[in-house]
1. Taking every DSSP beta bridge that has both residues in the protein assembly as shown, what percent is antiparallel when rounded to the nearest 5?
2. Percent of Cα-Cα pairs per 10 Å bin, from 0 to the last occupied bin, for segment B:163-273, please list those.
3. So what's the back-of-envelope 222 nm ellipticity for chain B, counting only DSSP H runs of four-plus at -39500 (n - 2.57) apiece and dividing by all residues, rounded to 500?
4. Amide H neighbours of B:V112 under 5 Å, counting only residues 5+ apart in sequence or on other chains, H built in-plane at 1.01 Å?
5. Using 0.36 nm per residue, how much length does the chain from B:E31 to B:E154 gain when fully extended, once their Cα-Cα distance is taken away?
6. Most exposed first by the Cβ proxy, i.e. fewest other Cβ within 10 Å, how do A:Y181, B:Y34, A:Y50 rank?
7. So how do A:D99, B:D221 line up by other beta-carbon neighbours within 10 Å, fewest first?
8. From the backbone phi of segment A:45-50, what are the Karplus-calculated ³J(HN,Hα) couplings (6.51 cos²θ - 1.76 cosθ + 1.60, θ = phi - 60°) in whole Hz, Gly and Pro given as x?
Amino acid sequence: MEVISKPVATSIDTMAEQVFAESISLLGGLKKLVEYRNLTWLPSLAEAAYVVVLRNEAMKSYAEIARELGITEQTARNIATADEEKVRAYLAQEVESADEHIAGGLAKLAYRKLKKEGRLGEEVRLAQREAEVLGIDWAVHVLARIKGLDFPVEKEQLIERLRGLVIKDRKAEEILEKLEYPVKTPAELLHRIKEQL
Amino acid sequence: MAELEGKAPKLFGIPTGTKLDELFYKIEKGEQGYERKPLGGIPYLAVMNITGIPDTGKSILAEQFAVAQASAGYRVLYVTVESPANFLYTALKQKSEALGADFATVEKNIVVIDASDNEELRENPRALLDTMAYAIKEKKITNVIIDSITGLYEHKEVAARQIVRQFFNFLKKWHQTALLVSQKRSAQASESAEAAGGLAVAHIVDGTIVLDKKIIETRWDVSLYHLPLGSVLRTLRIDGCRLAPHDSRTWVFDISDLGVIDIIAPLEEYIKK
C-alpha cells in the first residue's frame with residue numbers, strides 16, 4: 001500500500017504568478033506597463049496576488065496569511081475585501097479616486113477572470129522573456145522562493161533561498177550583500193531589494 | 001444540449017461490497033412496461049456523503065467499499081484525515097480477510113494520502129487537492145474516499161460550503177466515484193443528513209447515506225425491536241441521490257466482530273420478525 005504523507009508541490013505559487021500576470025494584462029498589458037514601469041506598487045501587486053490566492057484557494061485565515069507573507073492581518077483583510085468593482089471603475093478612469101486597496105482590487109479582478117475562464121491553475125506562465133526584459137517578475141519569484149521561511153531572517157538564510165536568482169540583470173546574492181539585516185518581513189525584503197534596483 | 005450526449009455518464013453501479021448495491025436501481029423498459037433493475041452499487045461517478053453520529057459504522061462502510069473496489073482490480077485513493085495510515089492498514093487487512101479478498105491485490109490497488117499527521121494537507125485544501133491530483137493522475141485512480149471531509153474544516157466551519165464545493169468540483173473534473181465521510185455535531189439530529197458545517201455537504205454532493213444507532217433502553221424498545229435491553233440497533237438510510245432512483249426505507253444492519261457491514265432487512269420488516 002503506497003502512502004503519501006507529504007503534500008506534492010503546491011500550485012499556489014503558479015496561481016499567484018498567474019493572478020499577477022493577469023493583473024498586468026488588465027492594466028493594459030506589457031506595453032502599457034512600460035509607460036508606468038516605475039509603478040511603486042508592483043511588489044504590492046505580487047503580495048496581493050498571493051493574498052487573494054491563499055484566501056480563496058487555500059482557505060487561509062487572515063492571521064495565517066499575515067504570518068505566511070509577513071504582512072499585517074489588516075493588510076491581508078484590506079486586500080481580500082477590496083471592492084474590485086470600485087477599483088475597476090478607478091482604473092477605467094470612470095471615477096477620480098477609490099478608497100480601496102488598489103492592488104487588492106486588481107488582483108481580485110484578475111483572480112475572478114481566471115476562475116471564470118477556467119484558466120486558474122493551468123500551466124500558463126508569465127511571458128518569461130518579456131517579463132524579464134521589463135524586470136517585473138522578480139517580486140513573485142522572490143516570494144515563491146522564501147515561502148515558509150520564518151522571519152526575521154539573516155543574510156545567510158536569504159542567500160540560501162535566492163541563490164541563482166537574477167533580479168534585473170543582477171545576481172540576487174550581490175543585491176542581498178547590500179541590504180541591512182535582519183529583515184523583519186517578506187514585505188520589507190521586497191522593498192529593500194527594490195531600493196537597490 | 002446535443003453536444004452533451006457524448007459527455008453524459010452512463011448509469012451503472014460501483015459495488016460497495018454490501019447489500020447497499022441492491023438499494024440503488026434504474027428504470028428500464030421491459031416486456032411488462034417499465035421495470036426496476038438493481039444498479040449493483042452506488043451510481044458511477046457519484047460523490048456520496050456518508051454521515052452519522054460516532055460509532056455508527058461510517059469508516060467501516062468506507063473501508064468495505066475500498067476493499068470491494070481494490071479487490072476487483074480498481075484503484076482507490078484513500079484520504080485519511082482521522083486515522084493514521086498504519087491503523088488504516090490494519091483495518092483494511094482485517095476487512096479483506098473477513099470478506100475473503102486477496103489482501104495482496106487490495107494492498108496493491110490502494111493509495112493512501114495520510115493527512116492525519118500532516119498539518120499542511122489537513123489545513124490547506126489546495127495542497128491536498130494538488131496531492132490528490134498527482135495521485136489520481138500518476139496512479140490511475142478511479143475511486144476516492146475522504147474520511148472525513150469534515151476534518152478538513154474543523155476550525156473553520158464557516159468555510160465548509162466553499163471547501164466542500166472545491167472538493168466536489170475537483171472529483172467531478174477528475175471523473176471519480178467518491179465517498180465523503182462526514183461527522184455530526186452533538187446538536188444535530190442523528191437521523192438527518194446534516195453534519196458539521198450544516199447542510200453544506202448534503203446540499204452539494206450527489207446523495208447522502210445516513211447511518212444511525214439506537215440503544216434499546218425501554219420495555220417498549222424491547223417489545224418493538226425484539227432485542228435485549230442495552231443492545232444496539234443499527235440503521236442505514238439513503239437520504240436522497242440525484243443520480244439514480246433508490247430505496248428510501250430505513251434498513252437494519254449489523255457490524256460483525258470482524259468489522260464487516262451486513263445489511264439485514266428494512267426496519268418495517270425487521271420489527272415483524
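What follows draws every value from the coordinates through simple rules; no lab data is involved. The shown structure was predicted, so the numbers you read here are calculated from the model rather than taken from an experiment. Because the Cβ atoms are built from the backbone with ideal geometry, glycine has one as well, and the counts that use them run over all protein chains shown.
1. Around 50 percent antiparallel, to the nearest 5.
2. Pair shares across the bins are 13, 36, 33, 14, 4, 0.
3. Working: 9 runs with 86 residues, N = 273.
Computed mean residue ellipticity for chain B: -9000 deg cm²/dmol.
4. Correct list: A:E2, A:V3, A:I4, B:Y78.
5. Once the chain is fully extended between B:E31 and B:E154, it gains 39.0 nm.
6. B:Y34, A:Y181, A:Y50
7. Fewest-to-most Cβ neighbours within 10 Å comes out as A:D99, B:D221.
8. 5, 4, 4, 4, 4, 5
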